[in-house]
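Following: one structure in structure tokens, then a few remarks.
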Amino acid sequence: MALIRCDFFAETLGLSTSMTVILPQRTESQIGLTGADVPGDPPVLYLLHGLSDDDTIWLRRTAIERYVAPLGLAVVMPQVGRSFYADEEHGNRYWTFLREELPQLCHGFFRLSARREDTFVAGLSMGGYGAVKWALREPDRFAAVASLSGALDLAFRAEHPTRPIDPRVWHTAFGDRPVRGTDDDLLTLLDSAAAAPPLYVACGTEDFLYEDNVRFVERARSVGLPLTVDFSPGEHDWAYWDAKIADVLAWLPLADRGGQPTEERATGRSK
């Protein structure tokens with residue numbers, strides 16, 4: 001694998017920012033790791049961070065680089081601050097950056113597939129919310145979306161602050177306007193999401209966001225969306241997310257362009 005910390009200027013933000021990128025590399029003599037690539041431009045996973053993190057966190061807290069090495073998969077990890085992947089009411093245009101400028105820059109900087117069937121998005125906590133929002137609002141862009149411990153019922157979280165979001169963060173992102181019933185409300189987006197890509201929703205049963213995930217899953221099932229659900233013991237922590245991102249990678253519908261089925265490339269085992 002090639003690991004790149006990319007510092008660049010974002011026009012939509014009006015400032016310099018960063019992203020961390022993993023690019024596939026075929027290797028045979030690397031001790032303890034065999035890297036793979038695929039014919040043509042590699043598929044790409046946009047992997048989003050949570051509220052207290054940045055673009056480096058997935059590398060620092062999980063084995064994501066090792067997990068993707070045999071898959072021939074590129075991973076793009078952008079930095080969006082504490083924006084909830086929104087065009088902030090009193091801040092910056094992170095939603096516009098995410099959906100418009102970031103993909104354009106990535107395809108300009110790196111060799112990546114632009115095909116929908118090769119494009120995926122996932123995230124944890126705030127990033128799980130961002131990943132699902134992106135996929136529901138732009139379903140033609142992605143072949144699959146995954147949320148790990150996502151803040152999937154943000155309107156409920158705002159209205160019932162049993163574990164409140166810092167009001168300064170909320171005010172910066174959303175101002176005084178309600179989220180419920182808007183394009184920032186995932187349950188509202190589900191009502192018009194007939195063409196949504198397959199969804200993978202995982203949350204630990206001890207996680208403070210578990211009930212939010214249950215509400216989201218119930219609504220997604222009621223509108224007939226393709227859904228894979230993993231509710232199992234776990235908390236809102238990196239031990240859970242490290243294990244579950246490996247499950248997500250095995251679930252992704254990666255095209256068989258490397259000579260092995262996706263699961264065999266991910267695990268090194270035959271069925």
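The values are calculated or read from the model by the stated rules, or taken from the named source; none is laboratory data. Predicted model only: the values in this text are computed from it and were never measured. All Cβ positions, even for glycine, are placed from backbone atoms using ideal geometry, and neighbour counts span all protein chains on display.
Of the candidates 78, 43, 24, the single residue that is touching a residue at least 12 places away in the same chain (Cβ under 8 Å) and within 11 Å of residue 1 (Cβ to Cβ) is 24. Pairing each residue of region 139-159 that is among the basic types (Lys, Arg) with any residue that is part of a loop (DSSP other than H, G, I, E, B) and crowded, with 24+ Cβ neighbours inside 10 Å, provided the two are 6+ apart or on different chains, yields C-beta distances under 7 Å for 157/151.
Among the residues of region 145-159, is there at least one that is surrounded by fewer than 22 Cβ atoms within 10 Å (Cβ to Cβ), more than 27 Å from residue 243 (Cα to Cα) and touching a Ser or Thr at 6+ places or on another chain (Cβ under 6 Å)? No: zero hits. The residue that is farthest from residue 64 (Cα to Cα), among those in region 238-271 that are β-branched (Val, Ile, Thr) and modelled with pLDDT of 95 or more, is 248.
Yes/no per residue for (1) farther than 29 Å from residue 149 by Cα; (2) surrounded by fewer than 23 Cβ atoms within 10 Å (Cβ to Cβ):
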site: 25; (1), (2): yes, yes
site: 56; (1), (2): no, yes
site: 62; (1), (2): no, yes
site: 71; (1), (2): no, no
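Restricted to region 28-52, and to residues there that are over 21 Å from residue 255 (Cβ atoms) and surrounded by 14 or more Cβ atoms within 10 Å (Cβ to Cβ), the residue that is farthest from the chain's Cα centre (by Cα) is 51.
For region 99-119, state whether one or more residues are β-branched (Val, Ile, Thr) and in contact with a helix residue (DSSP H, G or I) (Cβ under 7 Å, 6 or more places away or on another chain). Checking region 99-119: not a single residue is β-branched (Val, Ile, Thr) and in contact with a helix residue (DSSP H, G or I) (Cβ under 7 Å, 6 or more places away or on another chain). Per this entry, residue 114 is counted among residues that are outside any helix (DSSP H, G or I), at pLDDT 95 or above and surrounded by fewer than 23 Cβ atoms within 10 Å (Cβ to Cβ). When region 1-17 is limited to residues that are touching a residue at least 12 places away in the same chain (Cβ under 8 Å) and not hydrophobic (A, V, I, L, M, F, W, C), the one that is surrounded by the fewest Cβ atoms within 10 Å (Cβ to Cβ) turns out to be 14.
Listed conditions (1) hydrophobic (A, V, I, L, M, F, W, C); (2) over 21 Å from residue 131 (Cβ atoms); (3) touching a residue at least 40 places away in the same chain (Cβ under 8 Å) are all met by residue 31, apart from (3). Among the residues making up region 179-202, those that are within 21 Å of residue 115 (Cα to Cα), of a type in the set (A, V, I, L, M) and crowded, with 19+ Cβ neighbours inside 10 Å are 193, 196, 199. Counted as qualifying within region 149-212 are the helices (runs of 4 or more DSSP H) with 3 or more residues that are closer than 26 Å to residue 92 by Cβ and more than 19 Å from the chain's Cα centre (by Cα), namely 154-159, 167-174. Could you list, in sequence order, the residues of region 16-54 that are among the aliphatic types (A, V, I, L, M) and more than 12 Å from residue 69 (Cβ to Cβ)? Hits for region 16-54 are 19, 21, 31, 38, 44, 45, 47, 48, 51. Contact map, region 241-252: residues that are small (Gly, Ala, Ser) paired with residues that are at pLDDT 95 or above, Cβ distance under 7 Å, separation 6+ or inter-chain. Pairs shown: 246/67.
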